[in-house]
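To start, the structure under review is shown below, and the notes come after it.
The numbers here are math on the coordinates, done by the rules we state, and not lab data. Remember, predicted model here, so these are calculated numbers, not experimental data. Cβ placement follows ideal geometry from the backbone for every residue including glycine, while neighbour counts extend to all protein chains displayed.
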Amino acid sequence: MTYDTENIFAKILRGEIPSEKLYEDEDTYAFMDIMPRAEGHCLVIPKGPAINMLDATPQQLAACIKTVHILGHAVMRGLGAGGVKVEQYSEAVSGQEVFHLHYHVLPFYEGKRMEN
Ligand code: 5GP
């Protein structure tokens, strides 16, 4: 598979589709998931092209994890989450639906039962 520049997250990066921005730096962009599985469910993506973790460069992966770390602390501090789960699906068979690398940051809350 080659990287499709018309995927939804590429369009978000180009500003062609709106998104609820949470954080941005030179290499990454973080925004709310449109169908959150938990309060504060957000996504971290690299600005450069990468289909998924298997396709990404070590530099893209490192930049994304740095931003995941920032977002993880933000949901703990800002939303009072008790913990965070990070998910990354690579390839359709694993559940990947959008073919631009993304990490899910899923907050968990004490006393709240989550299906995520
Ligand atoms: P995955 O590819 O890991 O299965 O998940 C893709 C994620 O992207 C899903 O959680 C889905 O809700 C989210 N998503 C799909 N389309 C959009 C969109 O247009 N905007 C935003 N913010 N999230 C989206």
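Summary table
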{"quantity": "Meets criteria (closer than 21 Å to residue 109 by Cα, among the aliphatic types (A, V, I, L, M) and loosely packed, with under 12 Cβ neighbours inside 10 Å) for residue 35", "calculated": "yes"}
{"quantity": "Any chance residue 106 is within 16 Å of the ligand (Cβ to nearest atom) and touching a Lys or Arg at 6+ places or on another chain (Cβ under 6 Å)", "calculated": "yes"}
{"quantity": "Number of the exception - residue 67 against (1) in contact with a helix residue (DSSP H, G or I) (Cβ under 8 Å, 6 or more places away or on another chain); (2) within 16 Å of residue 101 (Cβ to Cβ); (3) of a type outside the set (A, V, I, L, M, F, W, C)", "calculated": "(1)"}
{"quantity": "Whichever residue in segment 11-28 is more than 11 Å from the ligand (Cβ to nearest atom) and surrounded by 15 or more Cβ atoms within 10 Å (Cβ to Cβ) and, among such residues, is farthest from residue 53 (Cα to Cα)", "calculated": "13"}
{"quantity": "Lone qualifier among 70, 65 - being in contact with a strand residue (DSSP E or B) (Cβ under 8 Å, 6 or more places away or on another chain), touching a residue at least 12 places away in the same chain (Cβ under 8 Å) and under 29 Å from residue 2 (Cβ atoms)", "calculated": "65"}
{"quantity": "Complete set of residues in segment 14-24 that are within 14 Å of the chain's Cα centre (by Cα) and either in contact (Cβ under 8 Å) with a residue 40 or more places away in the chain or in a loop (DSSP other than H, G, I, E, B) (or both)", "calculated": "19, 20, 22, 23"}
{"quantity": "Near pairs, Cβ below 7 angstrom, 6+ apart or cross-chain, from segment 77-91 (in contact (Cβ under 8 Å) with a residue 24 or more places away in the chain) to any residue that is surrounded by 12 or more Cβ atoms within 10 Å (Cβ to Cβ) and among the aromatic types (Phe, Trp, Tyr)", "calculated": "81/108; 81/109; 82/108; 82/109; 83/108; 84/108; 85/108; 88/103"}
{"quantity": "Of residues in segment 30-66 being closer than 26 Å to residue 83 by Cβ and of a type in the set (Val, Ile, Thr), the one nearest to the ligand (Cβ to nearest atom)", "calculated": "34"}
